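Shown next, in structure tokens, is the structure this report addresses.
The values are calculated or read from the model by the stated rules, or taken from the named source; none is laboratory data. Treat the numbers as computed from the prediction; the structure is a model and nothing was measured. All Cβ positions, even for glycine, are placed from backbone atoms using ideal geometry, and neighbour counts span all protein chains on display.
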Amino acid sequence: MAQITSAMAAKHLKRLNDQRDSLLSMEKKAKVFTAAIQEDIETVRPAYDYAATQKELTVLDTKIRKLKHILNCFNSTYVIPELDMTIDQVLIYIPQLTAQKRKLDSFRNKLPKERKESFGRTNSIIEYEYVNYDIVLADSDFTTVADELARVQNALDMTNATVMFEAELE
């Protein structure tokens, strides 16, 4: 067992997944091959051991599964003190804040009164679209949500880089 951070676990998972992808790519290239009728098949046969490849894939899958499970357990139990939320709650909260920020951005960037486009209309009546909310309040809410999102992301980044937990890495 080793002491690692979430960031270290993510890097290790990336390495394991890269190894798995590489092995699958090699398997795809080597599992079948083409040879001309006049060629000696054994001289053009690529190196490939079906049983060894399947065993290696199983080992990698097991390592990935175990490390992801340990990381998931850590994420669901470790409470980030300054947020009073577990990491998995924060991982839900961030997309919620991001969606709210995006919505508020569209609210704050409206004009109080805006002329509607009338392409293809035959009448000469000019229509206007009016906002039905306080644009200044929407702008203030946007700033509040953007600041909260930054605070939460910074707390998560700090946790991922500094808080240690035990995991088996090989």
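Which pairs do you get when a residue that is more than 15 Å from A155 (Cβ to Cβ), found in segment 74-101, comes within reach of a residue that is crowded, with 16+ Cβ neighbours inside 10 Å and among the hydroxyl-bearing types (S, T, Y), reach meaning Cβ atoms under 9 angstrom, with the pair 6+ apart or on two chains? Every condition considered, the pairs that remain are F74/S6; S76/T86; T77/T86. Among the residues examined, N17 does not qualify as closer than 22 Å to M158 by Cα, modelled with pLDDT of 95 or more and in a helix (DSSP H, G or I).
Does segment 110-164 hold any residues that are on the phi > 0 side of the Ramachandran plot and part of a helix (DSSP H, G or I), and which are they?
Scanning segment 110-164 gives no hits.
Going through (1) polar (S, T, N, Q); (2) under 30 Å from N160 (Cβ atoms); (3) in contact (Cβ under 8 Å) with a residue 12 or more places away in the chain one by one, T53 falls short only on (2).
Residue-wise test of (1) at pLDDT below 95; (2) surrounded by fewer than 12 Cβ atoms within 10 Å (Cβ to Cβ); (3) more than 17 Å from the chain's Cα centre (by Cα).
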| site | (1), (2), (3) |
| --- | --- |
| I80 | no, no, yes |
| D88 | no, no, no |
| K101 | no, no, yes |
| N123 | yes, yes, yes |
| N132 | no, yes, yes |
| S140 | no, no, yes |
| L156 | no, no, no |
| N160 | no, no, no |
| F165 | no, no, yes |
